[in-house]
Amino acid sequence: QTIVVPTSVPFEAETKIRSVSCGDDFTLALTSDGKLYTWGSGECGALGNEDGKDQPTPTLLDAFDGSEVTHIAAGSNHGLAVTKEGVWSWGKGGA
């Protein structure tokens, strides 16, 4: 979906976003409590979800359940996250 004017992204009221990073057709958002949300095109595994489907709204990426994500980055078709356990990557060109 193409949105041509600034539009609020739907998050729970208590969710505080620390940072965002964008790939070609997807977005990553890191919360202040270390959770990672992804949305957009699931092509090439860019969202990190197991089904590879597109997500039109922010969806919690549960791959890091129990680990606090401290930093995020996105490339064209891949994402990266840093936890105390190390650096994680997913998608095309991620590793």
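The values are calculated or read from the model by the stated rules, or taken from the named source; none is laboratory data. Note that the structure is predicted; figures quoted are calculated from it, not measured. Every residue, glycine as well, gets a Cβ built from its backbone with ideal geometry; the counts of neighbours run over all protein chains shown. To get the accessible areas, we keep the full protein, side chains included, count just its heavy atoms, and leave off ligands, DNA and RNA. Shrake-Rupley method; radii C 1.70, N 1.55, O 1.52, S 1.80 Å.
Considering 28, 47, 36, 61, which residue is buried (at least 20 other Cβ atoms within 10 Å of the Cβ), among the hydrophobic types (A, V, I, L, M, F, W, C) and touching a helix residue (DSSP H, G or I) at 6+ places or on another chain (Cβ under 8 Å)? Let's see the steps before the verdict.
Details: 28 fails: touching a helix residue (DSSP H, G or I) at 6+ places or on another chain (Cβ under 8 Å); 47 fails: touching a helix residue (DSSP H, G or I) at 6+ places or on another chain (Cβ under 8 Å); 61 fails: touching a helix residue (DSSP H, G or I) at 6+ places or on another chain (Cβ under 8 Å).
The match here is 36.
Sort out which residues of the range 64-82 are touching a residue at least 24 places away in the same chain (Cβ under 8 Å), open to solvent by less than 100 Å² (accessible area, probe 1.4 Å) and not in a loop (DSSP other than H, G, I, E, B), and write them in order of number.
The answer is 64, 69, 70, 72, 73, 74, 78, 79, 81.
Output the residues belonging to the range 1-27 that are of a type in the set (D, E, K, R) and in a loop (DSSP other than H, G, I, E, B).
12, 14, 16, 24, 25
List the residue pairs whose Cβ atoms are under 6 Å apart, where the first residue sits in the range 28-47 and is over 19 Å from residue 85 (Cα atoms), the second is open to solvent by less than 10 Å² (accessible area, probe 1.4 Å) and outside any strand (DSSP E or B), and the two are 6 or more positions apart or on different chains.
38/47
Can you tell me which residue within the range 28-45, out of those that are hydroxyl-bearing (Ser, Thr, Tyr) and not in a strand (DSSP E or B), is nearest to the chain's Cα centre (by Cα)?
Filtering the range 28-45 for residues that are hydroxyl-bearing (Ser, Thr, Tyr) and not in a strand (DSSP E or B), the one nearest to the chain's Cα centre (by Cα) comes out as 41.
Of the numbered conditions (1) touching a residue at least 12 places away in the same chain (Cβ under 8 Å); (2) under 16 Å from residue 90 (Cα atoms); (3) open to solvent by 80 Å² or more (accessible area, probe 1.4 Å), residue 16 fails exactly one; give the number of that condition.
Unmet for residue 16, out of (1) touching a residue at least 12 places away in the same chain (Cβ under 8 Å); (2) under 16 Å from residue 90 (Cα atoms); (3) open to solvent by 80 Å² or more (accessible area, probe 1.4 Å): (2).
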